[in-house]
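Here's the structure we're looking at; comments come further down.
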Amino acid sequence: MHHSAKQKLPAKYAVRVVGVSQARWARQKLCLQKDREQARTVIVPVLRQYSSLRHLQRDLLKYPGPNYGIPSRGIGMIVARVLRGALKIRYLLLGGSLAGGSALAKTYEKWKEALPDTKFLEGILPSQEDLDSIRSSLITYRDKIKDAVPAFTLDPKLKELGESHYDQLVVWFKERLDDAVRAAEEEKSENSVVFPDGEILTLSRVAQSLTPLVKAMGSAAEREREKAETIREKYEGLQEELMQVQLKYQKEVERLEKENKELRKSLMLKAGDIVARKKIKKSLIDMYSEVLDELCDYDSSYDTQDHLPRVVVVGDQSSGKTSVLEMVAQARIFPRGAGEMMTRAPVMVTLSEGPYHIASFKDSTREFDLTKESELAELRKEVELRMRNSVRSGRTVSHEVISMTVKGPGLQRMVLVDLPGIISTVTTDMATDTKEAIRSISQQYMSNPNAIILCIQDGSVDAERSNVTDLVSQMDPQGKRTIFVLTKVDLAEENLTNPDRIRKILSGKLFPMRAIGYFAVVTGRGNKDDSIQAIKDYEESFFRSSRIFKGGVINSHQCTTRNLSFAVSECFWKMVRDTVEQQADAFKATRFNLETEWKNNFPRTRELDRDELFEKARGDILDEVVNLSQVSPKQWEDALAKKLWDKMVTYIFENIYLPAAQTENSGTFNTTADIKLKQWADQMLPKKCVEVGWVTLEDEFRTFMERAKNSKDHDTIFDNLKACVVDEAMRRHEWEDKAADVLRVIQLNALEDRSVSDKQQWDAACKFLEDSVKEKLESTESTLREMVGPSIKEQWMYWCYPTEDQKNRAAVKAELEKLLLSDYAHKNTLSYDEVTMVRKNSQSHGAEVDNEFIRETWHPVYRRHFLRRALAKAYGCRKAFYAYHQGLEGELGVECNDVVLFWRIQQMIKITANALRQQVMNREARRLEKEIKEVLEEYGCDREKKEQLLTGRRVMLAEELKRVRQIQEKLEEFIHSLNAEK
């Protein structure tokens, strides 16, 4: 149609204008050129839509639905040429007008103002160089116009530009042609052009030629509409037929799967013990799931190189994401609540194929039969319980992963992670940071560049209320790993008056996000008691009769959860095959770095993790318990005797010896002592002795533990653990109840014996009395020094001075000592007169004190005086054994009741120490060992306790190195099996 070079008319073809002179023609020639340039800017865009539709880009001509095809362009091209030639003639006529020039100019201005808006055609119209070829083309095809007009067919690309512009152009042509005919008739004589070959062309002839052209354009457009409607009806019929075939195929597959399940059961029952004894090889998905479980334990925050693929299910709360997951798993395994948040922690579900439809947790051996409603209810209850247990410290959601495996016939192999639903508002029964916590968890999982995002959108609510689409578009702006799922399509069809809105959603034009696939599903009618089969039947019946489906809004492969599960599984395994080896290499590099760090920091130390370190510490502690049996009986008795005396010395002096010593004669002394000793032995002495035995056992055990720290093989990393275990075992340890009753009997017998049989025992009793009195006397002297302050010597040497209270104490002490010097056998109490005298004497020395102050000072002063007397008596009784043995104490003036009393106490202590030693060596040490073992067992099962007691970079590095090795080994095993399957 276009010529490579501009064509020019030969000189011999001169234009002759009827009734106009050559002079007038020359004057009008310049006007003709100006009008031509001005008209070209208006008319050329209109011409282009008829001549250059073939230059339109394919993207501008796309139309949703089937491709209806493009008719032949031969006739259309001819019509376009005719229109360009006709319009070109219009300007030739204008140039040749002489007498009617003013009328045509006005008509042209009106025509120009009435032109339609043709800006939408800019960029697709012919170039300026094509205009010169129009004239020659018009002359060449002039004779063919009449034959071509009746067969005129509108170019379908013009229709695709928009029927609104097409109709506007047709109306414009009709109006302009009517105006042209009227103007031509008025100036008929001057509105004709004579071509050099003698033919006369008038405007009326052009109008007559264009009228059938316009009519043909209208009829062609109508035929195109009818043709498109026919093709659309055929397409809808084919689509519905395809849906019926697909549903029929799915039912047949399900029937075969059921038969296959029964066949597998029969084979397993027939095989019996042979199958049970045969080692079953793990499936690929189970191996992959074990790797993910290791990674969840390794680092739940996903700050490591964990970029292994998962299918992450995200959506707004109550959008139906859990229902979609249940339809994929073909079992209602999750708890439900009426508008209440139920998913409180990530749930990782591993789907795999198997003969029985069962579910189990990673940390449990129990299998739930998903074909029984009772066990389904127990499974949902267990899931809810685990979710609530994972939430601590008043939080609403948790990062802890609940790992579950679901096996069954026909299940697609993949790993899905169900996350808590995105919320807009935090209610009063939630933690204040619940909204941010849920978004944080979702972002952690979606930030994995290999995670497949299953974005669930509720189709029954307004799209503007969606929160999850914005979050998904932020994490995956290109939509290379996002699959969009529109749920509750049945409610959407019922509520929406414009099905085109669903088409926009499923074509990715409504939400500001992209996806590799769009699916529409129906997950039930809102009844939580419906079975999976009932939901599937309802879904199939809905899509079979849905006007959305029949109207071509969605395609058959975009419907049903079954198609969705196929698509997700295919995408999952493609992602796994593309990335798993790269992830294995990343863990190899991590392992190398950790091993290098260990060699540099701990060169001669074994790589022991917390469990191994704990087992080593367990052995060390139990070895120390065994070492208790190596303590000799004498060591036990000496330690027990010392502890016993330290425990009872204060009571003996204050409550037994001192009151008995206040008596006037030896008979009264013995009577008072006997009464006090019996009361003591009946009430509190046995229990105190049992406590002493328990404390001694603990001290001895701790002594062994401290000695172990001084050995060259001691490892300080165990110190906290050992100390905590010993403390807990001692806290639980209780002495046998009957031990106190046994001690009571032997202690009463020992205290009732007053006969010292030989001189050696007498000397031992005297020494025991002397040592006890001296020890007590030193303690009393120390108390008095603190009360009265530094002495004169200390003040001069150490520049320390007494306080005002200490000065008053010293003044009172001096007066009390004078009182005791005047009455050597003074009782242990002060009379009122003595107190008054001491107060007045102290006031005379400048010490203002009250009666209570004097009595407080009297107690240590008298104790010192009494102990000095007792010590002197002990010295005097060293050689009085024979007088005591012959009963001549009174005649010789020697009273040794004190020695006999302390001999009785000494014998009681020896007997008690011996009994306690036997109890410790024969029973209590073994009971302590048993309790320590129980504590170790509890700590061994408590991961948090071990992390608390075994700390440090050494432990953390060993733990991390062990986990990385395990993950790498499992990954390599999985990759080997994956390549073998290929």
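The values are calculated or read from the model by the stated rules, or taken from the named source; none is laboratory data. What you see is a predicted model, and the numbers here were worked out from it, not measured in a lab. Please note: Cβ atoms are built from the backbone with ideal geometry, for glycine as well, and neighbour counts cover all protein chains shown. The protein model used for the area step is the full one, side chains on, heavy atoms only, and it has no ligands, DNA or RNA in it. Shrake-Rupley method; radii C 1.70, N 1.55, O 1.52, S 1.80 Å.
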Could you list, in sequence order, the residues of the stretch 808-830 that are within 22 Å of ALA872 (Cα to Cα), surrounded by 10 or more Cβ atoms within 10 Å (Cβ to Cβ) and either among the polar types (S, T, N, Q) or within 60 Å of the chain's Cα centre (by Cα) (or both)?
ASN828, THR829
Out of ALA331, ALA345, which single residue is buried (at least 17 other Cβ atoms within 10 Å of the Cβ) and touching a helix residue (DSSP H, G or I) at 6+ places or on another chain (Cβ under 6 Å)?
ALA345
State whether one or more residues within the stretch 753-766 are under 22 Å from GLU937 (Cα atoms) and in contact with a helix residue (DSSP H, G or I) (Cβ under 6 Å, 6 or more places away or on another chain).
no
MET684 versus (1) farther than 21 Å from SER755 by Cα; (2) touching a residue at least 12 places away in the same chain (Cβ under 8 Å): which is the lone unmet condition?
(2)
In the set ASP833, ASP805, which member is open to solvent by 90 Å² or more (accessible area, probe 1.4 Å), assigned to a helix (DSSP H, G or I), of a type outside the set (Phe, Trp, Tyr) and over 17 Å from ARG863 (Cβ atoms)?
ASP833
Go through LEU263, LEU295, LEU256, LEU267 for me and flag whichever is assigned to a helix (DSSP H, G or I), farther than 30 Å from THR425 by Cα, open to solvent by less than 10 Å² (accessible area, probe 1.4 Å) and at pLDDT below 80.
LEU295
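Residue by residue, here is whether (1) hydrophobic (A, V, I, L, M, F, W, C); (2) more than 24 Å from PHE543 (Cα to Cα); (3) within 23 Å of the chain's Cα centre (by Cα); (4) modelled with pLDDT of 80 or more holds:
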{"site": "ARG413", "(1), (2), (3), (4)": "no, yes, no, yes"}
{"site": "ALA437", "(1), (2), (3), (4)": "yes, yes, yes, yes"}
{"site": "LEU454", "(1), (2), (3), (4)": "yes, no, yes, yes"}
{"site": "ARG465", "(1), (2), (3), (4)": "no, yes, no, no"}
{"site": "GLU494", "(1), (2), (3), (4)": "no, no, no, no"}
Could you identify the single residue in LYS970, LYS962 that is closer than 17 Å to ASP286 by Cα, crowded, with 17+ Cβ neighbours inside 10 Å and of a type in the set (D, E, K, R)?
LYS970
Out of (1) among the hydroxyl-bearing types (Ser, Thr, Tyr); (2) over 28 Å from ARG525 (Cα atoms); (3) open to solvent by 20 Å² or more (accessible area, probe 1.4 Å), what's the single condition that is false for THR425?
(2)
Matching residues in the stretch 466-523 - criterion: being touching a Phe, Trp or Tyr at 6+ places or on another chain (Cβ under 6 Å) and of a type in the set (Phe, Trp, Tyr):
PHE484, TYR518
Helices (runs of 4 or more DSSP H) wholly inside the stretch 599-711 that include at least 3 residues being open to solvent by 60 Å² or more (accessible area, probe 1.4 Å)
610-627, 633-651, 666-683, 685-709
Among the numbered criteria (1) at pLDDT 85 or above; (2) closer than 27 Å to THR650 by Cβ; (3) surrounded by 12 or more Cβ atoms within 10 Å (Cβ to Cβ), which single criterion is violated by ALA872?
(3)
Mind checking which residues of the stretch 392-407 are within 24 Å of VAL426 (Cβ to Cβ) and open to solvent by less than 30 Å² (accessible area, probe 1.4 Å)?
THR396, VAL397, SER398, ILE402
Of all residues in the stretch 442-481, which are crowded, with 18+ Cβ neighbours inside 10 Å and of a type in the set (Val, Ile, Thr)?
ILE452, ILE453, ILE456, VAL468, THR469, VAL472
Flag for VAL568 being in contact with a strand residue (DSSP E or B) (Cβ under 8 Å, 6 or more places away or on another chain) and among the β-branched types (Val, Ile, Thr)
yes
For residues that are in a strand (DSSP E or B) and over 29 Å from THR434 (Cβ atoms), scanning just the stretch 352-389, find the one that is most open to solvent (accessible area, probe 1.4 Å).
GLU353
Which condition breaks for ASN527 when tested against (1) of a type outside the set (Val, Ile, Thr); (2) within 30 Å of ALA377 (Cβ to Cβ); (3) assigned to a helix (DSSP H, G or I)?
(3)
Among the residues of the stretch 211-243, which ones are at pLDDT below 70, out of contact with any Ser or Thr (no Cβ under 8 Å at 6 or more places or on another chain) and polar (S, T, N, Q)?
THR211
In the stretch 532-557, what residues are modelled with pLDDT of 80 or more, of a type outside the set (Val, Ile, Thr) and surrounded by 15 or more Cβ atoms within 10 Å (Cβ to Cβ)?
LYS536, TYR538, GLU539, GLU540, PHE542, PHE543
